[in-house]
1. Among the numbered criteria (1) touching a residue at least 24 places away in the same chain (Cβ under 8 Å); (2) part of a loop (DSSP other than H, G, I, E, B), which one does Ile57 miss?
2. Looking only at region 6-17, count every residue that is open to solvent by 60 Å² or more (accessible area, probe 1.4 Å) and either closer than 11 Å to Arg70 by Cα or out of contact with any Lys or Arg (no Cβ under 9 Å at 6 or more places or on another chain) (or both) and tell me the total.
3. In region 37-54, which residues are in contact (Cβ under 8 Å) with a residue 24 or more places away in the chain and assigned to a strand (DSSP E or B)?
4. Within region 23-36, take every residue that is in a strand (DSSP E or B) and open to solvent by 40 Å² or more (accessible area, probe 1.4 Å) and give me the one that is farthest from Thr7 (Cα to Cα).
5. State all residues of region 28-73 that are in contact with a helix residue (DSSP H, G or I) (Cβ under 8 Å, 6 or more places away or on another chain) and within 15 Å of Gln16 (Cβ to Cβ); if no residue qualifies, say none.
6. From Ser20, Ser46, which residue is surrounded by 12 or more Cβ atoms within 10 Å (Cβ to Cβ) and at pLDDT below 90?
Amino acid sequence: MMTTKQTNPSGVRVGQVWESCDKREKGRRSIVERIEGNKAVVRGWSMGNISGPERRIRLDRFRPISTGYRLIR
């Protein structure tokens, strides 16, 4: 029996806001603009405003661990 690796284990969707759990990035929030393969393309999000350059984050990092992200809304 062959198993397939799940590419979006946290169910990340466009429009969701995620916050970094990393202590070095305290309070850093990102909004998902699109999904490209196994990565989410995000931009900074603060008080309803989108800012900063696009960043790509692996979908498997969207989980509430010390180097991951937690869902805000």
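1. Going through (1) touching a residue at least 24 places away in the same chain (Cβ under 8 Å); (2) part of a loop (DSSP other than H, G, I, E, B) one by one, Ile57 breaks only (2).
2. Looking only at that region, the number is 3.
3. Residues satisfying the conditions are Ala40, Val42, Trp45.
4. Arg29
5. Passing the criteria: Ile35, Lys39, Ala40, Gly68, Tyr69.
6. Exactly one residue qualifies, and that residue is Ser46.
The values are calculated or read from the model by the stated rules, or taken from the named source; none is laboratory data. Quantities reported herein were computed from a predicted structural model and do not represent experimental measurements. With ideal geometry, Cβ positions are generated from the backbone for all residues, glycine too; neighbour counts draw on all protein chains shown. In case anyone asks, the SASA skips ligands and DNA or RNA and just uses the protein heavy atoms, side chains included. Shrake-Rupley method; radii C 1.70, N 1.55, O 1.52, S 1.80 Å.
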